[in-house]
Ligand SMILES: CC(C)(COP(=O)(O)OP(=O)(O)OC[C@H]1O[C@@H](n2cnc3c(N)ncnc32)[C@H](O)[C@@H]1OP(=O)(O)O)[C@@H](O)C(=O)NCCC(=O)NCCS
């Protein structure tokens, strides 16, 4: 009996309490409910939400944390943006991260950090140059995000400058980047051009 219990215990300990996974369409309802619970319904009024509205996240960069039963307990997504223009006047491709949220019942277990690290690793692997976000510097500085990198950039709407942060994945990527951040990702649904279809 003791051997069976030891075996069960070892199996349980070997199974991680959560895993980071790619989001699927079947996760959308749970993800939205989680965001409403952790950020409130006013979350949709944020300036960063304007950039995300009607857009699809960057390829391979919608991640979730799942508990042992597969339930969504954390979420993070990244979005294609242009972070102003560089000194030559060319658009600076980058990613906007957010929202990041972890179910309140699972906070403080390292899930937010695991989502952030996975997102950064995946973004780097996919060749992106920089990630920007609007959030608490006290949380995001540990992942390398600083306001200094966005000092010549603005959001398309109200934002707190000290919360507008960036991480360069390629050193110097945001050097000289200035102007407004705008969405550049694929649209959620492309309206049919009937004139062209006719
Ligand atoms: C912020 C959030 C994603 C952190 O997730 P988490 O899984 O609890 O994070 P981790 O376990 O990886 O890290 C916990 C650490 O972050 C700290 N932390 C959490 N939120 C913080 C904040 N806003 N500012 C500073 N530190 C913060 C905790 O105090 C803890 O510190 P410790 O490691 O010294 O004990 C989660 O609390 C959440 O979803 N909050 C509500 C939604 C939200 O505000 N999201 C955007 C954040 S700006």
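We did not get these values from a lab; they are worked out from the coordinates using the rules stated. Remember, predicted model here, so these are calculated numbers, not experimental data. A quick note on method: Cβ atoms are made from the backbone with ideal geometry, for glycine too, and the neighbour counts reach across all protein chains shown.
Quick notes on this structure:
- Every pair of different Cα atoms in the chain enters the Kirkwood calculation, which places the hydrodynamic radius at 18.3 Å.
- Length gained on full extension, residue 146 to residue 162: 4.9 nm, using 0.36 nm per residue less the C-alpha separation.
- The slack between residue 33 and residue 69, meaning 0.36 nm per residue of separation minus the straight C-alpha distance, is 11.2 nm.
- Footprinting exposure proxy ranking of 143, 164, fewest other C-beta atoms within 10 angstrom first, gives 143, 164.
- The angle between the Cα long axis of helix 28-39 and the longest principal axis of the Cα atoms of the chain comes to about 80 degrees, rounded to the nearest 10.
- Cβ-derived FRET efficiency at R0 41 Å, residue 88 paired with residue 138, nearest 0.05: 0.70
- Computed extension length for residue 121-residue 170: 16.4 nm, one decimal, from 0.36 nm per residue of separation with the Cα-Cα distance subtracted.
- Acute angle (nearest 10 degrees) that the helix 111-125 long axis makes with the longest principal axis of the chain, alpha-carbon atoms: 50
- Using the Cβ-Cβ distance between residue 59 and residue 26 with R0 set to 30 Å, the FRET efficiency works out to roughly 0.95.
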